[in-house]
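Undergrad: Below is one structure. I have some questions about it.
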Amino acid sequence: MKENLIFFPRKFQVIVSAILLFSVAEQLRAQDQKIGYFESDMILAQLPEYGGIEQRLQLLSSGWQEEAQELLDEITYLEEDYEAKQILYTDEIRKQKQDEIAQKKKQRQTFLQQKFGPNGEYFQQQSDLLEPIQRKVFSAARTVAIEKGYDFIFDRSGDIYMIYARAEFDITTDILLELGIDIEN
């Protein structure tokens, strides 16, 4: 009977040892992962075609901003005119003028929403123009990641917040070189 008691703890030790060995092996394997990051904003700024897109968007935006300002000027004029003459107006004319001002404000708000809202023309144009360039940058990032053996690559310019990153893992320059852009350090 003593032999069974000695045998059981030994079997238990083997099982525990196997679990510990497996756990340590998993930790070591996890430590072998290679992680890199890049800054797409910096890369985009280096691309010649990006500057042209920014200029096109700026021209488009400034034209719409002028139109929005003209509408605002009209609203301001109508409000000032109403304030100066409201004593002379009948109730019916007063109501018409207030409705006219409200309609002009609504027209301006609708215009701003159509042009600059989340689903507006500006963001649609921006998306349409930038998408091919972004695909090119991300394709270059994938190529660099595969060539250099990275397991994970993060874009530090986006919504991913990176508190600390060692400079040795920054592959921005490698991506620029992959895109054919040589920058001086």
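Undergrad: Does TYR77 qualify as being over 30 Å from GLN124 (Cα atoms), of a type in the set (Phe, Trp, Tyr) and at pLDDT 95 or above?
TA: In short, yes.
Undergrad: Among the residues of segment 32-82, write down those that are of a type in the set (D, E, K, R) and over 24 Å from ARG135 (Cα atoms).
TA: Within segment 32-82, ASP32, GLU66, GLU67, GLU70, ASP73, GLU74, GLU79, GLU80, ASP81 qualify.
Undergrad: Out of LYS95, LYS115, LYS148, I need the residue that is modelled with pLDDT of 90 or more and within 30 Å of GLU39 (Cα to Cα). Which one? Let's see the steps before the verdict.
TA: Working: LYS95 fails: within 30 Å of GLU39 (Cα to Cα); LYS148 fails: modelled with pLDDT of 90 or more.
When all the criteria are applied, what remains is LYS115.
Undergrad: Turning to a different aspect of this structure: Give the number of residues within segment 94-123 that are among the aliphatic types (A, V, I, L, M) and surrounded by 13 or more Cβ atoms within 10 Å (Cβ to Cβ).
TA: Pass one, segment 94-123, residues among the aliphatic types (A, V, I, L, M): 101-102, 112.
Keeping just the survivors that are surrounded by 13 or more Cβ atoms within 10 Å (Cβ to Cβ) gives 101, 112.
Summing the residues that are among the aliphatic types (A, V, I, L, M) and surrounded by 13 or more Cβ atoms within 10 Å (Cβ to Cβ) in segment 94-123 gives 2.
Undergrad: Given the residues ILE146, ILE87, ILE75, which is the only one that is touching a helix residue (DSSP H, G or I) at 6+ places or on another chain (Cβ under 8 Å) and not aromatic (Phe, Trp, Tyr)? Steps first, please.
TA: Working: ILE146 fails: touching a helix residue (DSSP H, G or I) at 6+ places or on another chain (Cβ under 8 Å); ILE87 fails: touching a helix residue (DSSP H, G or I) at 6+ places or on another chain (Cβ under 8 Å).
Every option except ILE75 fails the conditions.
Undergrad: Any chance you could count how many residues in segment 33-55 are part of a strand (DSSP E or B) and either touching a Cys at 6+ places or on another chain (Cβ under 9 Å) or within 9 Å of THR172 (Cβ to Cβ) (or both)? Lay out the reasoning, then the answer.
TA: Residues of segment 33-55 that are part of a strand (DSSP E or B), as a first pass: 35-38.
Cutting the leftovers down to either touching a Cys at 6+ places or on another chain (Cβ under 9 Å) or within 9 Å of THR172 (Cβ to Cβ) (or both) gives us 37-38.
Residues that pass the stated criteria total 2.
The values are calculated or read from the model by the stated rules, or taken from the named source; none is laboratory data. Just so it is clear, the model here is predicted, and its values are computed rather than measured. We place every Cβ from the backbone using ideal geometry, glycine too, and count neighbours over all the protein chains shown.
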